[in-house]
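The structure under discussion appears below in the form of structure tokens.
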Amino acid sequence: MARKKKEEKSPEVLALEARVRELELQNLALNTLIDVAEKNGIDIRKKSGAKQ
């Protein structure tokens, strides 16, 4: 799937790329929020291993 250098991206591709950037920023924000909460003693992430 080689693209020509001057070929423009379709509106659908541009919209999807924008959505990916938005979701990456949201993911970063949520992970940062979780990190800050865990530094303050609030356990949020699941711990590995099964409880019995």
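Results for (1) of a type in the set (S, T, N, Q); (2) modelled with pLDDT of 85 or more; (3) not in a helix (DSSP H, G or I), shown as yes or no for each residue.
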site: Arg3; (1), (2), (3): no, no, yes
site: Ala18; (1), (2), (3): no, yes, no
site: Leu23; (1), (2), (3): no, yes, no
site: Ile34; (1), (2), (3): no, yes, no
site: Glu38; (1), (2), (3): no, yes, no
site: Gly41; (1), (2), (3): no, yes, yes
site: Arg45; (1), (2), (3): no, no, yes
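Taking first residues from segment 31-44 that are surrounded by 10 or more Cβ atoms within 10 Å (Cβ to Cβ) and partners that are among the β-branched types (Val, Ile, Thr) and modelled with pLDDT under 90, the Cβ contacts under 6 Å between residues at least 6 apart in sequence or on separate chains come to Ile34/Ile44; Ala37/Ile44.
Screening Ser10 against (1) at pLDDT 85 or above; (2) touching an Asp or Glu at 6+ places or on another chain (Cβ under 9 Å) leaves a single unmet condition, (2).
The values are calculated or read from the model by the stated rules, or taken from the named source; none is laboratory data. Since we're looking at a predicted model, the values are computed, not measured. Don't worry about glycine lacking a Cβ; one is built from the backbone with ideal geometry, like all the others, and counts go over all protein chains shown.
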